[in-house]
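Read the figures in this text as sums done on the coordinates, not as results from a lab. These figures come from a predicted structure and were not determined experimentally. Here the Cβ positions follow ideal geometry from the backbone for every residue, glycine too, while neighbour counts run over all protein chains shown.
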Amino acid sequence: MKHSYLLAGTTAGSFFKLLAKNGFSPYPAYLGRILFLSQNGLWASAFRKREKKKFGKIIREYQMPADPVFIVGHWRTGTTFLHQLMNLDKNFVTPSVLQVSVPDSFLISEKYYAPVMSKMMNPTRPMDNVKLGVYEPQEDEYALFKLTLDSPLEKLIFPNDDGYFLNNYTDFYPEPENMEKWKNGLHTFCKKLSFTKGKRVLLKNPFHSMRIPLLREMYPEARFIHIHRHPYRVVSSTINMWNIVGRQNRLKKRGKAPEVAEVAEMMNKMLNKIRADFNDLEPGAKYEVRFEEFEKDPVAGLKKIYSHFELEYTDNLDEKVKAFLNDVEGYRKNKFNLTDAEKEIIRDTLKEQFIYYHYEE
């Protein structure tokens, strides 16, 4: 799917609420997207009713394992790579692209959507050429947005100014009046995931980096893995990512590319929040990963994570991990050049993080 994937699968009622709240720009491309999403929403609504009727009571009564694992960290820090590796563990269940696309109904609609989505999807992600497919692991924010209509992604799709769409957020908590709906949306989604395989839930979501206390409140036994990476690599790659994702999903205005200073400021804010929240977690509930070291020897890095959390790193998992690494051996990361002035902005903004994480300038 080359466009509108952030909203595709949203029920008609939810989609029309977003349009009524935010409006849209009458550009031909946007009108085409709105027609597509409106039609798509009717199917999503019908499947939602069928799933609720068949599985509603079962899911409400289902008890999922109490100790989900959350992978957090700023965008473009290696969260996806770690997520892909841990997804190979048969003891975890993590959301797929299909499941976050139709979070209201995937228990019954998967067999209908899977062949259609397979034909419509690109084989790789547009921002970095990472493998993309119906059953590849995906972050749950896309599901949460569709289930609760409360996510910063709303401002990416419906920008209301010319700045970075995350500028106005002090955290990524839901609005107070939506808190219970948001928590119920996340918990129900996790229960459905666990119900499909009866396993422990694994989630990767950079937005959750600013929600650790809330997630800890919901899941006192949860575990958190924070992966971080040199800011020079992160800032430039994040700008590229949001440019592409925004362009492919926007329904309002033309939008403006985020600036280096804006992304650096958000990264600094996020890292400060993670550090503060990690200080409040007991040692057994948290672990930090330096991407540059993890990338050099992913097997050793994964074993350290498993040892820290007292998880079983089996021979079967080891074989799967090594096979996966062999498959992606030729993968080439995008390269982005920063000017000296841009590097100076990043260094000045993230000065404390350079010191704390021992990154060379």
Lys197-Met120 pseudo-label distance in nm [points 7 Å out on the Cα-to-Cβ vector]: 2.5 nm
DSSP H segments from the chain that extend 27 Å or more along their own axis, Cα-based, with Kyte-Doolittle mean of -1.0 or above: 28-61, 179-197, 260-279
Estimated 222 nm signal from helices in the chain, with DSSP H stretches of n ≥ 4 weighted -39500 (n - 2.57), rounded to 500: -17000 deg cm²/dmol
Cα gyration tensor category, rounded, prolate or oblate, for the range 247-361 with a/c compared to 1.5: prolate
Contour excess over end-to-end distance, with Cα ends at Tyr135 and Tyr62 and 0.36 nm allotted per residue: 23.9 nm
Greater than 24 Å apart at Cα, pairs in Lys52/Lys286; Lys90/Lys286; Lys146/Lys192; Lys17/Lys52; Lys253/Lys273: Lys52/Lys286; Lys253/Lys273
Pairs beyond 20 Å (Cα-Cα), from Lys269/Lys351; Lys204/Lys351; Lys53/Lys111; Lys54/Lys183: Lys204/Lys351; Lys54/Lys183
Net charge contributed by nearby residues that have their C-beta within less than 14 Å of Pro103 (K/R +1, D/E -1): -1
Sites matching GluC sites (Glu not before Pro) across the range 146-228 that sit in DSSP coil, with at most 16 neighbouring C-beta atoms within 10 Å: Glu221
Cα gyration tensor category, rounded, prolate or oblate, for the range 12-356 with a/c compared to 1.5: rounded
Residues Phe324 and Arg275, FRET efficiency given R0 of 25 Å [Cβ-Cβ distance, rounded to 0.05]: 0.20
5 angstrom amide H check on Lys204, placed H, neighbours 5+ away: Ile71, Asp140
Footprinting exposure proxy for Glu352, Glu61 (fewest neighbouring C-beta atoms within 10 Å first): Glu61, Glu352
Order of Ser105, Ser118 - criterion: other Cβ atoms within 10 Å of each residue's Cβ, fewest first: Ser118, Ser105
Mean Cβ count within 10 Å, highest first, over the residues of peptides 181-187, 315-321: 181-187, 315-321
Shape call, the range 49-160: gyration tensor on alpha carbons, a/c limit 1.5: rounded
Separation of alpha-carbon centers, the range 310-347 and the range 254-276, rounded to whole Å: 22 Å
Virtual spin-label span in nm between Glu295 and Glu221, 7 Å along Cα→Cβ: 3.6 nm
Whole-Å distance, taken between Cα centres, linking the range 148-226 and the range 75-147: 16 Å
